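Peer 1: What follows is a structure written as structure tokens; I'll ask about it next.
The values are calculated or read from the model by the stated rules, or taken from the named source; none is laboratory data. Just so it is clear, the model here is predicted, and its values are computed rather than measured. Cβ placement follows ideal geometry from the backbone for every residue including glycine, while neighbour counts extend to all protein chains displayed.
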Amino acid sequence: MSTRSIPRILAPAVTLCLLAACAQDSPTSVPAASAGEARFSLAALNGTATGERTFGNVVIEPAYDADTGDLIYLLTPEKAPFPSKANGHAVSPLYLVEYPATSTVTATFNCIGVPGNCPDHDLAVAGAATSIMPSVYGTDPFAVPGHDHVVDGPGAPDFNIAWQVIEVLFTNAAAANTHLTTEAQIEAAVAAGDAIEVDLGFAFNCNVVPATVYWKGTPVG
């Protein structure tokens, strides 16, 4: 990832929602099935890299390498400080690209459904999308099908173990039909006015691990 600076919307209210989501894995009252679960059968996706997995006292989830678009895997210790106490100059952006129910993207998202297979954050980020861009995402966060993570891999200029979460929201339905898996694609969408970046106002600690660690874990959600 480059170290460029792009103006971002700051959403402090979303941070509070995310903190609450991390304290409680799922809402107390939810529909029987979300749009994401209807679109992608979680049972049928067994063997597909999607959703969080637990292994010992850690959580692992898939992401895309920001430079190559290849799948990588992020590990977060369950008792890691949240939010991260890292110096603001020692963080790397984690782009969380949210897709609306109208998207024609057929790839399996890193996280599916609300509530879905990333229950510690899927409702919070879907809620941010419907609150900030209802013209694209609608007003029901449970209808949001899922999102991806785009991060720097080891060896890249911006790589750090503290990640500042930047939610990427599409500004029109047509733009959301493009699958964004690299930073260059995100930059192009933002420059064209097809997406905006929303700084969720916090960072968390995680590291990149081999795919074998992910597959050893137990699926969540």
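Peer 1: Restricting to the range 120-141, name every residue that is free of Cβ contacts under 8 Å to residues at least 40 places away in the same chain and not in a helix (DSSP H, G or I).
Peer 2: Correct list: G138, T139, D140.
Peer 1: Now a separate question. If I filter the range 157-174 down to residues being surrounded by fewer than 17 Cβ atoms within 10 Å (Cβ to Cβ) and modelled with pLDDT of 95 or more, which single residue comes out as nearest to P100 (Cα to Cα)?
Peer 2: A173
Peer 1: Another question, if that's okay. Kindly indicate whether any position in the range 195-205 is modelled with pLDDT of 95 or more, part of a strand (DSSP E or B), touching a Ser or Thr at 6+ places or on another chain (Cβ under 9 Å) and aliphatic (A, V, I, L, M). Spell out how you get there, then give the answer.
Peer 2: As a first pass, look at the range 195-205 and keep what is modelled with pLDDT of 95 or more: 195-198.
Of the ones still in play, those that are also part of a strand (DSSP E or B) are 195-198.
Narrowing further to those that are touching a Ser or Thr at 6+ places or on another chain (Cβ under 9 Å): 195-196.
Of the ones still in play, those that are also aliphatic (A, V, I, L, M) are 195-196.
Within the range 195-205 (the criterion being modelled with pLDDT of 95 or more, part of a strand (DSSP E or B), touching a Ser or Thr at 6+ places or on another chain (Cβ under 9 Å) and aliphatic (A, V, I, L, M)), the answer is yes, since at least one residue qualifies.
Peer 1: Any residue in the range 54-70 that is modelled with pLDDT of 95 or more and touching a Pro at 6+ places or on another chain (Cβ under 6 Å)?
Peer 2: No - not one qualifying residue is present in the range 54-70.
Peer 1: Here's a follow-up. Mind listing whichever residues of the range 134-144 are under 15 Å from A176 (Cβ atoms), surrounded by fewer than 21 Cβ atoms within 10 Å (Cβ to Cβ) and of a type outside the set (G, A, S)?
Peer 2: Here is the first cut: in the range 134-144, the residues under 15 Å from A176 (Cβ atoms) are 134-138, 143-144.
The next check asks that each one be surrounded by fewer than 21 Cβ atoms within 10 Å (Cβ to Cβ); those that pass are 134-135, 138, 143.
Passing the criteria: only P134.
Peer 1: Would you pick out the residues in the range 37-53 that are of a type in the set (F, W, Y) and either at pLDDT 65 or above or within 15 Å of the chain's Cα centre (by Cα) (or both)?
Peer 2: First pass over the range 37-53, keeping only residues of a type in the set (F, W, Y): 40.
Correct list: empty.
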